[in-house]
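Asks: I'd like to ask some things about the structure below.
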């Protein structure tokens with residue numbers, strides 16, 4: 001996402017027309033292999049659970065055009081069994097505005113778009129396991145939903161040294177591809193490197209899909225439903241324990257609009273919603 005860079009007894013209403021109830025179970029991981037250690041099933045109504053989620057706010061990265069709001073139901077709410085992250089075309093004041101600033105994050109007194117970015121930063125982070133999200137992505141020019149992770153030490157070591165795991169990215173102008181990418185600092189010179197792959201799929205926004213990684217000391221595998229389409233050798237980011245992918249990472253869920261990769265926004269398609277049925281984190285049984 002940075003460029004440069006337990007179980008319910010019913011199927012949520014937002015998902016009812018998409019798949020049978022058994023699809024709520026993990027699709028690419030044998031049940032005997034994994035132990036559930038953290039989850040949000042979104043089986044409540046209102047704002048996202050503050051014991052699980054915090055927010056990024058403002059203009060954050062990649063010259064994206066949305067302003068991320070804080071605990072605003074219009075942009076992030078739980079209803080009908082799903083987390084809804086909604087990108088909207090609306091004027092919204094920029095709390096970081098500075099008259100005369102040349103910094104893109106402070107130069108405008110207001111934003112033309114709003115959305116939300118939910119994070120587990122400061123609440124939960126994980127080293128290794130299976131991170132699984134069942135979601136339905138939005139569509140249209142300018143949308144850029146993502147499910148991703150950043151090193152828990154990002155605020156101290158910076159990016160890309162903290163490492164980044166993009167579990168899912170989609171951009172509306174490239175509407176038949178789902179991307180999964182690993183970003184890191186070259187252990188020799190500290191420069192940004194990445195290993196990205198994509199899976200071709202027809203109209204991925206028409207239904208719910210499971211986006212997941214399986215991550216251990218030696219590798220990170222990225223899945224679209226049951227399809228493994230990217231595998232990363234952890235040693236590429238450095239041998240030993242200083243490797244960012246041998247340290248905890250926190251989770252981010254967001255819907256960006258425009259920006260460096262999102263491109264031109266078609267206002268006529270907005271609002272658009274990124275629907276998340278569940279988030280589940282598993283540890284491997286020993």
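The values are calculated or read from the model by the stated rules, or taken from the named source; none is laboratory data. Model, not experiment: these values are computed from the prediction. Cβ sites come from the backbone with ideal geometry, for glycine too, and all protein chains shown count toward neighbours.
Asks: Search region 228-250 for residues being in a loop (DSSP other than H, G, I, E, B) and touching a helix residue (DSSP H, G or I) at 6+ places or on another chain (Cβ under 9 Å), and hand back the single one that is nearest to residue 206 (Cα to Cα). So that I can check it myself, show each step before the final result.
Replies: Let us first name the residues in region 228-250 that are in a loop (DSSP other than H, G, I, E, B), namely 238-243, 247-248.
If we keep only those that are touching a helix residue (DSSP H, G or I) at 6+ places or on another chain (Cβ under 9 Å) too, we end up with 238, 240, 243.
Numbers: 238: 39, 240: 42, 243: 38 Å.
Taking the candidates together, the pick is 243.
Asks: Considering region 154-173 alone, what residues qualify as being farther than 24 Å from residue 192 by Cα and surrounded by fewer than 23 Cβ atoms within 10 Å (Cβ to Cβ)?
Replies: The initial filter retains those residues of region 154-173 that are farther than 24 Å from residue 192 by Cα, namely 172-173.
Selection gives 173 alone.
Asks: Here is a follow-up. Inspect all residues belonging to region 251-268 and state whether any of them is buried (at least 20 other Cβ atoms within 10 Å of the Cβ) and part of a loop (DSSP other than H, G, I, E, B).
Replies: For region 251-268, residues buried (at least 20 other Cβ atoms within 10 Å of the Cβ) and part of a loop (DSSP other than H, G, I, E, B): present.
Asks: All but one of (1) surrounded by fewer than 24 Cβ atoms within 10 Å (Cβ to Cβ); (2) within 17 Å of the chain's Cα centre (by Cα); (3) over 18 Å from residue 256 (Cβ atoms) hold for residue 151, so report the exception by its number.
Replies: (1)
Asks: Can you tell me which of 114, 156, 120, 102 is out of contact with any strand residue (DSSP E or B) (no Cβ under 6 Å at 6 or more places or on another chain) and more than 18 Å from residue 238 (Cβ to Cβ)?
Replies: On the way: 114 fails: out of contact with any strand residue (DSSP E or B) (no Cβ under 6 Å at 6 or more places or on another chain); 156 fails: more than 18 Å from residue 238 (Cβ to Cβ); 120 fails: out of contact with any strand residue (DSSP E or B) (no Cβ under 6 Å at 6 or more places or on another chain).
Going through 114, 156, 120, 102 in turn, just one is out of contact with any strand residue (DSSP E or B) (no Cβ under 6 Å at 6 or more places or on another chain) and more than 18 Å from residue 238 (Cβ to Cβ): 102.
Asks: Any residue that is at pLDDT 95 or above and either closer than 22 Å to residue 82 by Cβ or under 11 Å from the mean Cα position of the chain (by Cα) (or both) - is there at least one of those in region 181-192?
Replies: No, there is no match, as no residue in region 181-192 is at pLDDT 95 or above and either closer than 22 Å to residue 82 by Cβ or under 11 Å from the mean Cα position of the chain (by Cα) (or both).
Asks: Just for strands (runs of 3 or more DSSP E) wholly inside region 148-212: which have at least 1 residues that are over 20 Å from residue 253 (Cβ atoms)? It would help to see each step written out before you state the result.
Replies: On the way: elements: 164-169, 177-185, 192-200.
Correct list: 177-185, 192-200.
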